[in-house]
Amino acid sequence: MPERGAEEIRQELAAARQLLADDLDALRAEARSLVPVALAGLVAIGLLSRRKVLRTGVKLLWKLR
């Protein structure tokens, strides 16, 4: 059984590195596409919590009146 040469092993490693680089690029692109969704969710949570705080503050001021 012939053994693989150093050049063949280097080529296999280079091909594996390229596949990993392509996967990493795809993963980064997916993460970038989720940023607007996550940002919109954070804004919605902020607005809802602010609204609740404002409502509680108005009720407190109304009671103090």
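No value in this document is a laboratory result; all are computed from the given coordinates. Note that the structure is predicted; figures quoted are calculated from it, not measured. Heads up, the Cβs are rebuilt from the backbone with ideal geometry, glycines too, and the neighbour counts pull from every protein chain shown.
Here is how the numbers come out for the structure above:
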{"quantity": "Label of the coordinate-derived value, Rg and Dmax of the Cα atoms in Å, listed as (1) 28.0, 94; (2) 29.0, 100; (3) 11.5, 36", "calculated": "(1)"}
{"quantity": "Cβ charges +1 (Lys, Arg) and -1 (Asp, Glu), total dipole of the chain, debye", "calculated": "1620 debye"}
{"quantity": "Stretch gain in nm, segment Leu54-Ser33, where the contour uses 0.36 nm per residue and the Cα spacing is subtracted", "calculated": "4.3 nm"}
{"quantity": "Charge-dipole axis of the chain as Lys and Arg at +1 and Asp and Glu at -1 on Cβ define it, positive-most pick from Leu27, Gly41, Ile9", "calculated": "Gly41"}
{"quantity": "Principal-axis tilt of helix 6-64 within the chain, Cα atoms, nearest 10 degrees", "calculated": "0 degrees"}
